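One structure is given below, encoded as structure tokens.
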Amino acid sequence: MIRRLLPLFIFLLLLGFLFQSLYNKDTELPSPLIGKPIPAFNLKNLITEEEHSSHEIIGEVSLINVWATWCVGCEMEHEFLVDLSQDKRIDLPIIGLNWKDDDRLAKLWLKQLGDPYSIVLKDPKGKAAIDFGVYGAPETFLVDSSGIIHFKHIGPLNREIFERDILPLIGELN
Amino acid sequence: MIPELGQVFLVAALASALLQFLGGIGLFSRKNENIEAFIERITMFQTFSLLICFGLLTTAFLQDDFSVLYVASNSNTALPFAYKIAAVWGGHEGSLLLWVLILSIWTFLLSKDRALKSSPDLRIQSLSILGLISFGFLLFILYTSNPFERLLPSPIQGRGLNPLLQDPALVIHPPTLYAGYVGLAVPFSLAVSSLLTVNNHQWAMHARTWTVLSWVFLTGGIALGSWWAYYELGWGGWWFWDPVENASLMPWFLATALMHSLIVTEKRGIFNGFSTLLAITAFSLSLLGTFLVRSGVLISVHSFASDPQRGLFILGLLAFFSGSALIIYSIKQKKNKQEKLHPLSRESLLLLNNVFLCASAGLVLIGTVYPLILEMLDLGKISVGPPYFNFVILFPFIPLLFSIGVAVFSNWSNDSKNLINKVSPIILIALMLGFAFTFIYGWDSLLTLIGVFLALWTILTGISPLIKNRYSINKSTNIIPMMLGHIGLGIMILGITVTSSYGITFDDSMNIEQTSTVGDYEFKLTEIGKRNGPNYLAQYASIEISKDGQYVETVYPEKRVYDTSSMPMTEAGIEANLFRDLFIAVGEDIGGGSWSMHLQYKPLLRLIWYGPIIMILGGLIRVFLGKKQTERHQ
């Protein structure tokens, strides 16, 4: 009898999980890293080939933007990033994390479309991106002066999202 | 007027589904002949009503009737004719209507099954259960997902069909897959009705042909989906372990297991409980698949519609149908006949293989719902990716493939004598060929050798009955389908192994007249241009492929921007023959006349789809022969 009831129990268990999952309203994957310091890394600068550790790049409230030339969403958000970097009212350095990309293509891209980044680090094998929990470019993280992650946005960034989700946080952090 | 008429027929179908169920449980008459006559008629009426519904919805699409919400959200005037028809099942509401239509067609066909008429109790109960399933889903449609809902005031133009779906393979992929999913309702209903009535293994004989037929559709649907993903999603992959793909793979594993388990149950009268359980789980996983796709609980490239209310409703249906089937199973299932199983008899080996198949389904299920479970236990959100699946699936599959070959040589009932003597020459041949193969293609890894060996082993053991019987195949129902099934599987495994091990992917930036080399092939970009499609604007590249200075072919990969969506779609340029695919996708304009290009060399890729075609052929032959055989028995 017990053996014959086993499938039913497994099924009920599964059903419970599925039921619960329906009521998990936030279908956006929040990063488990929120409220935690950025993962440690050593990455080369795309332009100068100098190596930087994660400690060196923090120090002020900044954005970390994961991008690649092969990513369509990155192209969509790029203009906004350039605007943002030139906006005198908002002092917000953008750190680029060039993900699984070809150096030559990445440099060309920045030359053609403009370079909004204060520094671009490259992660050709995607190792640092794994620590960041990146699962698709573009992704953008808001980091405070001590390197704690406060917000993560998945997908192309635009002014509306920036002003709604990120700008108020910057005010609090400064 | 058309949508209102559709509504009427939808309600008529709902009512007849309910009557089909009530009639089956003997509410109107206790006499079997009366019930059967009633059910036959009501089944036909239900199918007829749903056909009309579907026809009316199609008409609304062809007339660009944007006063119908569903039409306005999934079509527009610029959509080409064929895609207006495909758009009927391009969205949530229409695909559910297709789901119940297919269910009613299966039900209708089952009611025409002549062999089943010899077991009236089984027949009545299974048709009655199918009526209840149909009723549940029709209620779901009317309550949450009515395709005939009006949109007033109606817009002048519709939103258009998701460009990803505007593709010939996608026109037939969903109906094929649905036919497979829904077809599993037939063995399910037969298994449950057997538990409720005669409670013996007689149902296995009736369920076999139906199981094979739905398996054929499932195989076709999955293969088509993979084919579509390969050339449409743009990056040259052919399987992504996407939750929705997994949702179709799990029932496939179980349907395959069921197909084989039914052979034993029919022939020897054993494993009846296991077959019953497989029939129940296979259909439950189809329902689970429907739930995963339609509720949006999992993030996927496929999640079109997400609405918690709909999810809840489907979950309710799943809970009701599978739950009650499992309860009936636990109460009614009789203890298996105690019989000594010889470990190397065919039935033992088939049982072993079925356990491997169930394990595969289980591992895929765990990977698919694991993120949900973690999230619920508040352990954070994660996504389980291809590395997990590619790794764990090896554990059941390596022994499975080996034991498939052994099973072919085994005998029923007894430990097969000289089994080692029989299989060792073939193992040796397969190993030698495997070494020769890895020698030609170059050594890659032990895993590659194992994969190639197992593929060749499966193919050779599949062919072996031909040699054993000195090239004359007796007309037994099972042997030719078995051979084709196994050969097809081996061919597919060969394709998977070789493509994954020896494929080359290369991203490059190219200027006009510049050449890029991948493997033995040179790709030369000769032109970049623009062209207008019926409802899109395309940027195309012209790429000349050559090998050792010899011209091979020119391909034209494109990047399309559809009128209705700003998201560009990739149409890859593919040059293919039996031995390799060359795959080119256009990337971005990176300025200075330079374009990024995604180039791939994929050896033996086609086998991944040729294999399933052979398997399907085997299945179809089985359906055809099986039908003739059961009719002769009458």
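Throughout, read-outs are computed from the coordinates displayed, never taken from laboratory work. Because the structure is predicted, anything quoted here is derived from the model rather than measured. Every residue, glycine among them, receives a Cβ derived from its backbone with ideal geometry; neighbour counts consider all protein chains shown.
Worth pointing out:
- Within region B:129-143, backbone nitrogen closer than 16 Å to the virtual label 7 Å beyond the Cα of B:VAL11 toward Cβ: B:138-143
- In chain B the longest region clear of chymotrypsin sites (Phe, Trp or Tyr not before Pro) that are loop-assigned by DSSP and have at most 14 other C-beta atoms within 10 Å covers B:29-411.
- Solvent-free Debye calculation, one equal scatterer per alpha-carbon of chain B: log10 I(q)/I(0) at 0.06, 0.12 Å⁻¹ equals -0.36, -1.34.
- Spin-label pair A:SER145/B:ASP444, simplified geometry with 7 Å Cα→Cβ offset, distance in nm: 5.4 nm
- Sequence-distant lysines (8 or more away, or on other chains) whose Cα lies within less than 20 Å of B:LYS334: B:LYS267
- Counting, for every residue in B:322-330, the Cβ atoms of other protein chains within 10 Å of its Cβ and taking the mean gives 4.
- Packing-based exposure ordering (other Cβ within 10 Å, fewest first) of B:ILE427, A:ILE95, B:ILE331, B:ILE141: B:ILE331, B:ILE427, A:ILE95, B:ILE141
- The helix-only estimate of mean residue ellipticity at 222 nm for chain A, built from DSSP H runs of length n ≥ 4 each weighted as -39500 (n - 2.57), is -11000 deg cm²/dmol after division by the residue total.
- Nearby lysines by direct alpha-carbon distance to B:LYS422 (threshold 22 angstrom, same-chain neighbours under 8 apart not counted): B:LYS468
- Pair-distance distribution of region B:397-503: all C-alpha pairs, bin width 10 Å, starting at 0; shares per bin in whole percent are 15, 45, 30, 10, 1.
- Measuring r between the beta carbons of B:SER324 and A:LYS36 and using R0 = 41 Å, the FRET efficiency lands at 0.30.
- Rounded to 5, the percent of DSSP beta bridges in region A:39-173 classed as antiparallel: 60 percent
- According to the Cα-based calculation, Rg over Rh for the protein assembly as shown is 0.99, with Rh computed by the Kirkwood formula.
- For the pair B:ARG41 and B:ILE504, label points projected 7 Å from Cα toward Cβ lie 7.1 nm apart.
- In plain terms, if you count all Cα to Cα distances in region B:504-607 and split them into 5 Å steps from zero, the share in each step is 3, 13, 23, 25, 17, 12, 6, 2, 0 percent.
- Stokes-Einstein D for region B:582-632, Kirkwood Rh over Cα pairs, 25 °C, 0.890 mPa s (µm²/s): 164 µm²/s
- Cα Rg, Dmax, region B:419-564, angstrom units: 22.8, 66
- Per-residue mean of foreign Cβ neighbours for A:110-116 is 2 (Cβ atoms of other chains, 10 Å radius).
- Working note: 222 nm ellipticity from helices only, DSSP H runs with n ≥ 4, each -39,500 (n - 2.57), summed and divided by the residues of chain B, gives -21500 deg cm²/dmol to the nearest 500.
- Using C-alpha pairs under 8 Å with a sequence gap of at least 6, the mean separation divided by the residue count of region B:397-503 gives a relative contact order of 30 percent.
- Here is what passes the span test in chain B: the DSSP H helices with alpha carbon length of 18 Å or more along the helix axis and a Kyte-Doolittle mean of 1.6 or above are B:394-409, B:419-441, B:446-468.
- Linear extension gain, A:ASN45 paired with A:LEU8, 0.36 nm per residue minus alpha-carbon span: 7.7 nm
- Counting only other chain Cβ atoms within 10 Å of each residue's Cβ, the peptide B:579-591 averages 3.
- Once C-alpha pairs closer than 8 Å and six or more residues apart are averaged by separation and normalised to the residue number of region B:504-607, the relative contact order reads 25 percent.
- If you sort the three axes of the alpha carbon gyration tensor as a ≥ b ≥ c, you get a/c of 1.5 or more for region B:488-534 and a/b no higher than b/c, which makes it oblate.
- Cα-Cα over 21 Å, subset of A:LYS44/A:LYS152; B:LYS524/B:LYS547; A:LYS36/A:LYS152: A:LYS44/A:LYS152
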